[in-house]
């Protein structure tokens, strides 16, 4: 909860050409949304955007403008030619929070070696914590507890509250 018991706002962005075209059901976005809701955040359904840095940047800016204090992206963090979620995120970030991204990679790599290939970022921009997750539902299930373990504390710090 934020000020006066108002739930903190969160947002989820699924980055996928195929899901944006309606060719594949988005399975990872709903996983992240459900976890945020269980974690006490007010979170609308995931927004689906095509791969590419510009679409990610636009979606992040829109979510920040809508008042989200925590934004999770899923997809576009790999090595494919259209996997540009980190580049779109970097364009928005004011400061990186590398410990979150490092922990997500550590957990992902423990589950399967390809976890090392995730280029996801974590950082802050205009009062919001932004974290990139890989696009698989399994990666989201593994990563959301990491995000939720620090999300409320990060949101409070970004809102100017003292350390607890």
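Read-outs throughout are calculated quantities, based only on the coordinates presented, and are distinct from any laboratory measurement. The model shown is predicted, which means the values in this text are computed figures rather than measured ones. When we count neighbours, we look across all protein chains shown, and the Cβ atoms used for this are built from the backbone with ideal geometry, even at glycine.
Compute the distance from the alpha-carbon center of the stretch 13-90 to that of the stretch 103-121, in whole Å.
Value for the Cα centre distance between the two parts: 18 Å.
Just grab the label-to-label distance for residue 107 and residue 66, each label 7 Å out from Cα along the Cβ direction, in nm (one decimal).
2.4 nm
Would you mind telling me the antiparallel percentage of the DSSP bridges in the chain, rounded to 5?
Bridges in the chain are about 25 percent antiparallel.
Under the rule a/c < 1.5 gives rounded, and otherwise a/b versus b/c splits prolate from oblate, where does the stretch 24-93 land using the Cα gyration tensor?
Working: a/c = 2.16, a/b = 1.34, b/c = 1.62.
Since a/c reaches 1.5 but b/c is at least a/b, the shape of the stretch 24-93 is classed as oblate.
Could you please rank 105, 126, placing first whichever residue has the fewest other Cβ atoms within 10 Å of its Cβ? Intermediate results must be reported in sequence, preceding the final value.
Working: 105 19, 126 13.
With the fewest neighbours first, 105, 126 line up as 126, 105.
Subtracting the Cα-Cα distance from 0.36 nm times the residue separation, let me have the gained length for residue 58 to residue 161 in nm, one decimal. List each step's numbers first, then the result.
Values: separation 103, 0.36 × 103 = 37.08 nm, distance 2.84 nm.
Stretched out fully, the residue 58 to residue 161 stretch lengthens by 34.2 nm.
Taking the Cα-to-Cβ direction at residue 37 and at residue 116 and moving 7 Å from each Cα, how far apart do the two end points lie in nm?
Each label point lies 7 Å from its Cα, and together they span 3.8 nm.
Can you give the calculated 222 nm mean residue ellipticity of the chain, where each DSSP H run of n ≥ 4 adds -39,500 (n - 2.57) and the sum is split over every residue, rounded to the nearest 500 deg cm²/dmol? Kindly include the intermediate steps, with their values, before the conclusion.
Working: 6 runs with 72 residues, N = 164.
That comes out to -13500 deg cm²/dmol.
With a bin width of 10 angstrom, please list the P(r) values of the stretch 3-157 as percents of all Cα-Cα pairs, from the 0 bin to the one holding the largest distance.
In order of increasing distance, the bins hold 12, 47, 35, 5, 0 percent.
Helix 28-38 against the longest principal axis of the chain: what's the angle in degrees, Cα atoms only, rounded to the nearest 10?
Once rounded, the angle reads 20 degrees.
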